[in-house]
Amino acid sequence: MTDRSVAIVGRPNVGKSALFNRLAGRNIAIVHDQPGITRDRISAPSKRGVTPFLVWDTGGIGGAGETELLKEVRAAADTAMREADVIVFVVDAQQGLTPIDQELARLLRRSQRPVILAVNKIDHANHENFDTEFQRLGFPDLLSVSAAHGRGIDALVETIEERLPQLAIDDGQLAIPPLSLALVGRPNVGKSSLINAILSDRRTIVSSIPGTTRDAVDISYRHGKDEFVLIDTAGIRARGKHSTSVEVFSVMRAERTIRRADLCVLVIDATIGVTSQDKKIAALMQKAHKPSLVLVNKWDLVKPEHEAKKTLARVIEETRERLFFLPFAPILVASALTGENVERLFSAIRKVRRGARERLSTGVLNRLLREAFAANPPPLSANKRMKLFYATQTRSEREQSLPTPEFVLFVNDPKLLGETYARYLEAQIRAAQPFPGLPLMLNFRPRTEKPRAASTGTETRKD
């Protein structure tokens, strides 16, 4: 993770998110012609240029509509300007210089940070003279760009690198990729509040309006020696309740976030309990085969004055019963508002990481599985019964921050495997090694006469 950062600021709908996506090298921020789509600060490492830096997208400043959020958006942008090493001030060449641009330029000149004026939407050669009127803003670094078409981006990156502070090189520091942690859930369950409690900072916007977070917001964070990317996703609603195309895009983004995250935290509202929509989101996590935690938020609203431990145990038990198909996910109860038990989230993450490094020796694994087969033989299927010859836990050849435990079981015929029996075998493995928060992958392969050929026929089942 790099400590050098660049903030992209500007009034609404000038192309900040499109420029952010160009610098990040992938579509992270939602690009839409509706003003005010980006409300939170979104961060990602730049994929352009020679030296690394973190780039921040910010909410539009000075836009109309949804006035309750405007001060929050302004505060998020102001914070980005204070913390950034370089500011990229984006203006719209086709709309021309506006009073909001002029006011923002006045504020930026007082920021005591290098400011690069990016005159955006110079999409064609005949647009190049559109930047003339912006010269009167007085910024020495003025570049014409087209975030939509990629014009002038290389020159912009080169200018950014010239203005960034020199990168300190630590030869003894190992580049360990951060763990990406996605907070997912229905709208208004407290995902953004939880991230703010973690950061002790109003970095994401908290509002009682469902759907405030529209992007998947990536936030770099260090907890002790551990590096994280916290991903605050847009709340996921039932498909029929999407009021705008932007909300549909946000839900699609949240679903993709589940797939790209290393670990998912399903946030549930303690005042409501597990709903059918919570179960659908949990099913998305299960389908993606993701390491998972469940955090029941708003404990402060249901915590009684007396017998709090009994109530806590009941909340956990009821949550487990409703999410019975995600049995490996630890359940935490916390309050983002008061901060109670929030720190336990990172204790649980450490346990999950330790579990990902655990291995069952081949001898122990084969002994416990043979005992399991003997105690409860597989059911007959077409007068045939599955037989186990050999089992082993594989070592992941892929570089993963949180590898999923995988087991290979060589059997006479994988087609004889039933769903119920596969879950029984998983339970026996977990009895010996719980692997908290981690789904298990059981691969059943037919055994052939030649041991070397055993890996050629594969049938994979994911639990």
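Every number in this text was worked out from the coordinates using simple rules, so none of it is lab data. Nothing here was measured: the structure is a model prediction, and the numbers come from that model. With ideal geometry, Cβ positions are generated from the backbone for all residues, glycine too; neighbour counts draw on all protein chains shown.
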**OP:** List 299, 56 from most exposed to least, where exposure is judged by having the fewest other Cβ atoms within 10 Å.
**Re:** 299, 56
Original post:
What is the order of 285, 386, fewest Cβ neighbours within 10 Å to most?
Top reply: 386, 285
Original post:
Mind listing the phi-derived Karplus ³J(HN,Hα) values for the range 350-356, rounded to whole Hz, using 6.51, -1.76 and 1.60 with θ = phi - 60°, and x for any glycine or proline?
Top reply: 4, 5, 5, 5, 5, x, 5
**OP:** Please work out whether the range 346-408 counts as rounded, prolate or oblate from its C-alpha gyration tensor, where a ≥ b ≥ c are the square roots of the eigenvalues and a/c under 1.5 means rounded, while otherwise a/b larger than b/c means prolate and anything else oblate?
**Re:** prolate
**OP:** Among 444, 130, rank each residue by its count of other Cβ atoms within 10 Å, from fewest to most, as a rough exposure measure.
**Re:** 130, 444
Original post:
In the structure displayed, which of 351/415; 351/387; 225/279; 290/415; 191/310 lie more than 30 Å apart, Cα to Cα?
Top reply: 351/415; 351/387; 225/279
